[in-house]
Amino acid sequence: MSLDAFFQHLVNGISLGFIFGLIAIGYTLVYGVVKLVNFAHGEVFMMAAFFVFFGFTLFSMPWWLAVVIGIALTMVLGVGIERIAYRPLRNAPRISSLCAAIGMSFLLQNLAVVMFGGRQKSFYVPPFLATTINVGGVKVQAVTVATIVVSGIVLVILTFLINRTKMGLAMRALSVDFDTAKLMGINVNRTIAFTFALGSALAALSAILWALRYPQIWPFMGFFPGWRAFTAAIIGGIGSVIGALFGGFMLGMITILLVAFFPAAAGYRDAIIFVLLVVILLVKPTGIFGEKMSR
Amino acid sequence: MIVNKKTKLILTIASVLVFLLLIGLAESFLDPFLRRILNVAGIYVILAVSLNLINGFTGQFSLGHAGFMAIGAYTAALLYMSPALKAMNFFIQPLIWPLSEIQIPFFFALIVGGAVAAVAGFAVGAPCLRVGGDYLAIVTFGFAEIIRVILNNLQGITNGPLGLKGLPTYTNLWWTWGWALFTIYFIKKLVDSSYGRALKSIREDEVAAEAMGINLFKHKTLAFVVGAFFAGIGGGLLGSLLMTIDPNSFNINLTFQIVMIILLGGLGSITGSIVMGVTFAFLMEFLRFVESPMNVFGMVIPGIAGMRMLIFAVILVITVIFFRRGLFGQKEFSWDWFSRTGRRNPE
């Protein structure tokens, strides 16, 4: 394999890693604040792709407007899910909210089948993203570069939101100690709603990037990216943003490099990811960047 | 009046006999459509009761049932298919040697299928010592998906995505409900034994249970092994009933259906799992009308595929949010119910 091809795969892996990372951050933010695995996150991801798709095809909006409205609708959806299914169960046993999350995921999936049909639809890719850029002999798709750039910008904004704003402070406080944070006058409902909105926006963004990369969308598309991203979040240490990003990168790289270097084993990539997950959980149950949990 | 133990035993034996008689009648007189629904109902009961042992009684939220079923279904099918049938199925790549020649009776094939699933259950249950709650759900879910991936890729053993077709139909009401009765009996006995009390104490408080000297590893893996064994049996029966299996039919939706049954019936209630398992099998068939075109006051509404599952999903979410305990909570059927309702003036 030539050096150029290697770099090509590397760039590819980085951009896929960013997408997984963005989804994983959505899981991690929600888990950090409400200690709930949002099983419906993959379905929020899927819905976002459909929102943008319909904004573009049905209402013939310009693509950038469809993207903005799609992200906004997804945020509303995320907050709505929290309001309807998770808030009534906030003080219930953990297993109940877990069931509610699984139920919501199941519901959204079937809702999508009923509303949008089970067949695959092709997602519109703006012409300027469909081209190939040549950087010093390394041929890279424009989508790949766009993914890296957009994710980079989003990560900077996210870091600012979490570390420099009042809302970010409230989120961090809730994730450290829910009850004490409440006593300190933090508006719990608003902060949680904000967290879900933020997570959903990240899901929407990654869904769009995903759909530009693999332009076939259907009601079950959220499933595997969702599962892999969640695995990434656990591997990195759930609750940690850096960990989620790191885990996402790791999975993106494994996925791409495995296909590139061992095409025979490509079918087993999810099995390999799973074994990695189990090993990491056994060695370090809170993940690579996770803090030690008390029982 | 409190029903004494002996009367209860007689009542139980009598009702089982009546039930067996009904099965016999159903097997010989019922039309194939209803018989098929009843078969599916029996398999749902096996699956739901076994999953309830893991999720409901031990409190280890597993989403791996479809994986265990797939293992059971494939192992059993590869053992009870005739060599000629196997040769016909494996036309892309022949089946590896010892399996291609073996054929054993259905019953033993099922047992071996269950046993292999139980080994997988041990492998999944073991990491469960370190991971709990939500993590476990993800790990088991991942496990089920991995089984699917492996079945899709091991062309020489599983025939890959093509699946196995034309399986001989051994499954009838005797098989399904016979196994269902055995599953219910076994798991009921297990849950009521000292093992069962240990399992329930793990559900209630893991740390306290450990402090009381309960071996967490042993009991958690026990729940997984037993649950997986019966899931494997259920998978084997299902394969022979459907006459065709392929890796993608054992997907997460299958697990979701079973999880839905136990949540609606009540986590930790065998009675609930049985009642909901049968109800679910019938509803799945009789709700088909919502997916066919409807004529409402002269307006024709075209049928929408997937409507049934949406209805179930809505019911599930409403149940989880508003009726958290499901239909039966943790209560079980008992003959005392009748004596209590029969008594007019409680003193």
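The values are calculated or read from the model by the stated rules, or taken from the named source; none is laboratory data. Remember, predicted model here, so these are calculated numbers, not experimental data. Please note: Cβ atoms are built from the backbone with ideal geometry, for glycine as well, and neighbour counts cover all protein chains shown. Calculation scope for accessible area: heavy atoms of the full protein, side chains included, ligands and nucleic acids excluded. Shrake-Rupley method; radii C 1.70, N 1.55, O 1.52, S 1.80 Å.
At-a-glance table
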quantity	calculated
Residue within the stretch A:68-76 that is open to solvent by less than 30 Å² (accessible area, probe 1.4 Å) and among the small types (Gly, Ala, Ser) present	yes
Total residues in the stretch A:214-248, condition open to solvent by 20 Å² or more (accessible area, probe 1.4 Å) and either modelled with pLDDT of 90 or more or within 22 Å of A:Ser175 (Cβ to Cβ) (or both)	7
Among the candidates B:Phe143, B:Phe182, B:Phe108, residue that is under 21 Å from the mean Cα position of the chain (by Cα) and closer than 30 Å to A:Ser105 by Cα	B:Phe143
Residues located in the stretch A:109-126, provided they are more than 15 Å from B:Ala313 (Cβ to Cβ), within 14 Å of chain B (Cβ to nearest Cβ) and outside any loop (DSSP other than H, G, I, E, B)	A:Phe116
Test: residue in the stretch B:29-52 that is touching a Phe, Trp or Tyr at 6+ places or on another chain (Cβ under 8 Å), of a type in the set (Asp, Glu) and modelled with pLDDT under 90	no
Some residue of the stretch B:6-15 being in a loop (DSSP other than H, G, I, E, B) and either of a type in the set (Lys, Arg) or out of contact with any Phe, Trp or Tyr (no Cβ under 9 Å at 6 or more places or on another chain) (or both)	no
Selection from the stretch B:85-110 of residues that are without any contact (Cβ under 8 Å) to a residue 12 or more places away in the chain and aliphatic (A, V, I, L, M)	none
Test result for A:Phe128, exposed (fewer than 15 other Cβ atoms within 10 Å of the Cβ) and aromatic (Phe, Trp, Tyr)	yes
Verdict on A:Phe45 being part of a helix (DSSP H, G or I) and touching a residue at least 60 places away in the same chain (Cβ under 8 Å)	yes
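Conditions (1) away from chain A (no Cβ under 14 Å); (2) without any contact (Cβ under 8 Å) to a residue 12 or more places away in the chain; (3) aromatic (Phe, Trp, Tyr); (4) not in a helix (DSSP H, G or I), marked per residue:
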position	(1), (2), (3), (4)
B:His219	yes, no, no, no
B:Leu241	yes, no, no, no
B:Val259	no, no, no, no
B:Leu267	no, no, no, yes
B:Phe282	yes, no, yes, no
